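Report on one structure; see the data block that follows.
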Amino acid sequence: MINASGRVTRSVTRQLTARFADGWRARQPSAEIIARDVGVHPPLPVDEAWIAAAFATSESRSAEMQEALALSDALSDEIVRADAIVLGVPMYNFGMPGQLKSYIDQIVRIGRTFAFDLTAADPYLPLLESKPVIIVISAGDGSVHPGGALAHLNFLEPHLQTILGFIGLTDLHFVRVGYDEYQDDRFAQSIGAAQVTLEGILDRLTTRTPSPGQADLTPLPMPATLAVA
Ligand SMILES: Cc1cc2nc3c(=O)[nH]c(=O)nc-3n(C[C@H](O)[C@H](O)[C@H](O)COP(=O)(O)O)c2cc1C
């Protein structure tokens with residue numbers, strides 16, 4: 001579970017990711033939940049030392065270089081270890097909060113979460129195994145969401161889709177809340193709809209259907225580890 005809101009007590013996205021984590025626990029009490037709060041504890045932006053270390057080969061890294069990448073190692077390990085990820089993201093200035101961008105810059109790393117071959121026609125290779133990523137987005141306006149009158153201002157979803165896909169996370173499920181700034185019926189309705197959607201996602205993940213041709217038709221157990229940032 002990853003939370004990116006700068007708000008703590010009144011956060012719409014935090015309420016929904018917490019509800020999702022509770023639903024996960026209720027369905028599988030032994031599940032491990034990894035909680036990463038980048039909204040309150042944002043990673044530092046990448047700097048000269050980080051960049052030099054990330055682009056050095058692993059064999060040539062000094063102890064200082066390894067230290068510069070320690071947080072990036074820990075954050076990307078969490079993503080690898082998780083069976084599913086729920087990410088709470090408020091829209092800030094039509095994009096993602098700076099805190100989340102700092103987090104993304106830490107986990108998108110050459111040789112660890114993606115590779116590239118500049119001589120190839122398609123130079124980029126994602127290195128992460130795909131897993132469900134549930135992205136809860138809340139916005140002050142509601143028409144910035146897909147299909148809305150201001151959807152052309154939404155740089156948040158395309159950016160998340162691009163950068164998560166770049167490292168291999170393509171199984172994205174967007175759950176949207178709108179009109180937080182209006183606090184009217186539309187806001188109440190969108191919160192209610194988001195809750196229903198999240199319950200549906202939890203149920204689907206709990207009883208994942210086997211792919212066609214798979215001999216064993218018993219439902220697969222729910223993934224155990226949920227990464228919450
Ligand atoms: C710094 C800041 C920038 C915001 N920018 C936008 C925006 O560009 N578009 C929008 O619809 N809402 C914007 N909002 C409103 C938030 O997206 C909205 O309140 C959302 O519900 C916050 O999520 P949270 O409750 O989880 O923090 C902004 C809020 C803040 C604090």
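Values quoted throughout were computed directly from the atomic coordinates according to the rules given, and no laboratory measurement underlies them. In this text, all values refer to a predicted model and were calculated from it rather than measured experimentally. Here the Cβ positions follow ideal geometry from the backbone for every residue, glycine too, while neighbour counts run over all protein chains shown.
On a 0 to 90 degree scale, rounded to 10, what angle separates helix 12-27 from the longest Cα axis of the chain? Once rounded, the angle reads 90 degrees.
A cut-off under 13 angstrom between Cβ atoms defines the neighbours of L71, and their net charge, with Lys, Arg +1 and Asp, Glu -1, is -3.
Charged neighbours of A193, selected by a Cβ distance under 13 Å, balance to 0 (K, R count +1; D, E count -1).
Simple point charges give the picture: +1 on the Cβ of Lys and Arg, -1 on the Cβ of Asp and Glu, and for the range 57-131 a dipole about the Cα centre of about 220 debye. Summarising the label geometry, the points placed 7 Å from Cα in the beta-carbon direction at F55 and A193 lie 4.5 nm from one another.
Fully extending the segment from D22 to R10, taken as 0.36 nm per residue of separation minus the present Cα-Cα distance, adds 2.5 nm. Counting only alpha carbon atoms, the long axis of helix 98-107 and the longest principal axis of the chain meet at about 50°. Across the range 116-131, computed HN-Hα scalar couplings (Karplus, 6.51 cos²θ - 1.76 cosθ + 1.60, θ = phi - 60°) run 9, 10, 5, 8, 7, 5, 10, x, 9, 10, x, 10, 8, 6, 5, 7 Hz from first to last residue, x flagging Gly and Pro. Fraction of C-alpha pairs exceeding 25 angstrom in the chain: 45 percent, rounded to a whole number.
Rounded to the nearest 20, the Cβ-based charge dipole of the range 2-211 about its Cα centre (Lys and Arg +1, Asp and Glu -1) stands at 540 debye.
For the range 87-142, what proportion of DSSP beta bridges, expressed in % and rounded to the nearest 5, is antiparallel? DSSP beta bridges in the range 87-142 are roughly 45 percent antiparallel. Relative to the longest principal axis of the Cα atoms of the chain, the long axis of helix 70-81 makes an angle of roughly 50 degrees. Within the range 2-211, DSSP assigns beta bridges of which about 20% are antiparallel (rounded to the nearest 5). Positive-end ranking of S58, P126, Q99 along the dipole of the chain, with charges on Cβ about the Cα centre, is headed by Q99.
Summarising the label geometry, the points placed 7 Å from Cα in the beta-carbon direction at I110 and Q66 lie 2.1 nm from one another.
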